[in-house]
Amino acid sequence: MIIQVQQLITFALQDIGAVAKSETPTSDEMADGLTKLNFMIDAWSVRSLMVLGTVMQAFPLVPGKYAYTIGTGGNFNTPRPSAITDAYIRDANGSDTPVEILTSDEYYAIEDKSIGTGRPQGLWFDPGLTQQTSALGVINLYPAPDPSTPYTLYMGEQGQLTEFANLTDAITFQPAYFEALEYNLALRLWPQYHDSGKPIENDLKVLAREAMRTIETMNARRVTAAIEAPGKRSGMFNIYTGAYG
């Protein structure tokens, strides 16, 4: 199924009784609907279960350099991701080695982040300020890449969902997203067309919630459980902090 943004907005307005089935929304109503739709898509971008999969990108590393800006115009010139989900290093022989994604606490626990070089084993992504003119984050590696070996960093990125620019844009989301887009947009438009404070109809809220749940179930990552044998230390040894856990 292929539908345009203007059709989706019309369906949402019909759902809340703002326009009749045979009516065409005004240009102002369409413009407001497009703005609210893009607000919603931006909010979904930071919810991992609303984004299907990750985008893997490759970036050559500079010998001895451990910090790289990422974003449009940065050292890694690509739109700044919402999150880094996984990574690995490829050497000149084509051999790949996993890179652990560190939390900020784990990275801060490294005493001297610039000392030593070798094959990077850990990565911490600093997304940068919430509000900034240039949307740049920083990829921090430890240790810094060895000067004698060219390395390439491969990163799995949770990218931003793309906003719609025009009412005639085709909606290219997977089919499972269509109902979630329509019913959740309807919820966001409801207050504009019910000034009396009329509560949102429960049936509409249920449809919106169930449509979101379908997407989250589809996008859920499988988690492998591990059982700790009695008498052994809990957790793995952390090479960055020098402790178990």
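Some observations on this one:
- Applying the condition of being acidic (Asp, Glu) and without any contact (Cβ under 8 Å) to a residue 24 or more places away in the chain to the range 1-45 and asking which residue is farthest from residue 161 (Cα to Cα) yields 23.
- Out of 105, 112, sole residue that is in a helix (DSSP H, G or I), loosely packed, with under 13 Cβ neighbours inside 10 Å and on the phi < 0 side of the Ramachandran plot: 105
- Residues that are out of contact with any strand residue (DSSP E or B) (no Cβ under 6 Å at 6 or more places or on another chain) and either closer than 25 Å to residue 131 by Cα or touching a residue at least 40 places away in the same chain (Cβ under 8 Å) (or both), drawn from the range 79-100: 79, 91, 92
- Residue in the range 100-111 that is more than 19 Å from residue 160 (Cβ to Cβ), at pLDDT 95 or above, assigned by TED's automatic domain parsing to the domain that holds residue 133 and touching a Pro at 6+ places or on another chain (Cβ under 8 Å) present: no
- When each of 162, 133, 172 is tested for being loosely packed, with under 15 Cβ neighbours inside 10 Å, of a type outside the set (A, V, I, L, M, F, W, C) and either in contact (Cβ under 8 Å) with a residue 24 or more places away in the chain or assigned to a strand (DSSP E or B) (or both), the lone residue that passes is 162.
- Against the conditions (1) surrounded by 15 or more Cβ atoms within 10 Å (Cβ to Cβ); (2) under 24 Å from the mean Cα position of the chain (by Cα); (3) in a loop (DSSP other than H, G, I, E, B), residue 141 satisfies every one except (3).
The values are calculated or read from the model by the stated rules, or taken from the named source; none is laboratory data. Keep in mind the model is a prediction, meaning the values are calculated, not measured. Don't worry about glycine lacking a Cβ; one is built from the backbone with ideal geometry, like all the others, and counts go over all protein chains shown.
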